There are 2 protein chains.
Amino acid sequence: MGDPTHNPVGDNAAMRISARADYAVRAALQLAACTDSGPVKAEAISAAQEIPHKFLEGILNDMRRGGLVTSQRGGNGGYRLARPAAEISIADVIRTVDGPLVSVRGVRPPELSYSGPAESLLPLWIALRANVRQVLDGTSLEDVACSGLPADVKKLAENPSAWTNP
Amino acid sequence: MGDPTHNPVGDNAAMRISARADYAVRAALQLAACTDSGPVKAEAISAAQEIPHKFLEGILNDMRRGGLVTSQRGGNGGYRLARPAAEISIADVIRTVDGPLVSVRGVRPPELSYSGPAESLLPLWIALRANVRQVLDGTSLEDVACSGLPADVKKLAENPSAWTNP
DNA sequence: GCATTTCCTACTACTCTGATAGGGAAGGGT
DNA sequence: ACCCTTCCCTATCAGAGTAGTAGGAAATGC
């Protein structure tokens, strides 16, 4: 008992950022960087960020439907951000391609209800979500691509213990 | 364009707490509550928290292998916490049944590397993870089951805007 | 030896993830 | 008018993970 080499069920994490979300954010950052040089082709983004290009096409399409980017077909078409990079948060991008930021058992925290000794679990999930939002809603594409992370986020990332695995 | 009724791809969230993790925490809380009354049967937990009992059995087993609970078979056997409830964090429980807290595309943040305008994405994920840890590592079973959430967590949960969906 | 309760293995149904393939539709240049 | 480029749409796929269910073997206490 108390087996120190215990490995959980899978090697999969409890809260995971999907490849879609990661790719979407990186694509958006690429668009934020190349701001005043006309539309950027999917192929260019795919090459710059090493994202499978057909997969990326689908993601860019979702972002267009979500109103995050606009597109132009033909000759030298491509994509560009629909709004200034400073007005698009990382959370906006993730929500657009992956839905709500945080859920528990598939439902958003406010829809949950617990009883007995688990009653205070609901406020805990709410606090967790609030903390996730603080980082992802509070950081814009411009912050990441150019001007540097917001002060509070930078502070979190500067703590060396934040970089170590459990 | 900018379709206001846009619904992402699935209705699934970006970062989700699985049913396993939610059940595991609630079961552990139930054990934390019934501390000095001998071992608690899986069936009792399952009834109290409305968790499918065969599913719960598997989860309790994982927690035993992970050294979080001890078990006793036969007559009036059951489960109890292996350590005092104040010394087991919510993160401990989740890691035991679901692996690492946060991952991006299946790998833990420190293993990632980004280039170009996405370079500052790594510290962002690190900050995100730090914030998740702050809540889940900083809250014990006892906090949730009896003594009330830690001050900083309570503060997060008291903000009304934390309770609204985007 | 018998009831109880944990422990183990296997199985199922379904969904999600991370892609790939092929072609159709729009736009621009000449 | 033509053609080339680039986005846009639909379909398909293999593999993995999720949430359970089922049946029985092994331990414990009376």
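Quick one: with all protein chains in place, what share of the accessible area of the protein assembly as shown is carbon or sulfur, to the nearest percent (1.4 Å probe)? Here carbon and sulfur together make up 47 percent of the probe-accessible area. Under 5 Å between amide hydrogens, built in the peptide plane, is the criterion, and for B:M15 it picks out A:V102, A:S103 among residues at least 5 positions away or on other chains.
Positive-end ranking of B:P52, A:P166, B:L121 along the dipole of the protein assembly as shown, with charges on Cβ about the Cα centre, is headed by B:P52. Solvent-accessible area lost on pairing A with B (1.4 Å probe, both sides summed) amounts to about 7000 Å². The mean number of partner chain beta-carbon atoms within 10 angstrom of a residue's beta-carbon across peptide A:158-165 is 4. A simple charge model with +1 on the Cβ of Lys and Arg, -1 on the Cβ of Asp and Glu and nothing else charged puts the dipole of chain B at about 440 debye relative to its Cα centre.
Cross-link partners of B:K155 among aspartates and glutamates, defined as those whose alpha carbon lies under 16 angstrom from its own and excluding same-chain residues fewer than eight positions apart: B:D143. Taking a straight Cα-Cα cut-off under 28 Å and skipping sequence neighbours fewer than 8 places away in the same chain, the lysines within cross-link reach of B:K41 are B:K54. Among A:L156, A:L56, A:L81, the largest mean-square fluctuation in a Gaussian network model of chain A (Cα springs under 10 Å) belongs to A:L156.
For the stretch A:20-59, a reduction of at least 30 Å² in accessible area between the chain on its own and the assembled protein chains (probe 1.4 Å) is found at A:D22, A:R26, A:L29, A:Q49.
The charge dipole of the stretch A:69-166, taken about its Cα centre with unit charges on the Cβ of Lys, Arg, Asp and Glu (plus for the first two, minus for the last two), comes to roughly 240 debye. Note on the protein assembly as shown: with charges restricted to the Cβ of Lys and Arg (+1) and Asp and Glu (-1), its dipole about the Cα centre is near 460 debye. Between the stretch B:19-40 and the stretch B:102-166, the C-alpha centres lie 24 angstrom from each other.
Where only DSSP H runs of four or more residues are counted, chain B gives -12500 deg cm²/dmol as its mean residue ellipticity at 222 nm, each run worth -39500 (n - 2.57). With all protein chains kept in place, the per residue accessible area of the protein assembly as shown amounts to 45 square angstrom at a probe of 1.4 angstrom.
Taking the empirical scaling 2.2 N^0.38 Å for compact globular proteins as reference, chain A has a Cα radius of gyration ratio of 1.24.
The values are calculated or read from the model by the stated rules, or taken from the named source; none is laboratory data. Nothing here was measured: the structure is a model prediction, and the numbers come from that model. Note that we place each Cβ from the backbone using ideal geometry, even for glycine, and neighbour counts take in every protein chain shown. Surface areas here come from the heavy atoms of the whole protein model, side chains and all, with no ligands, DNA or RNA. Shrake-Rupley method; radii C 1.70, N 1.55, O 1.52, S 1.80 Å.
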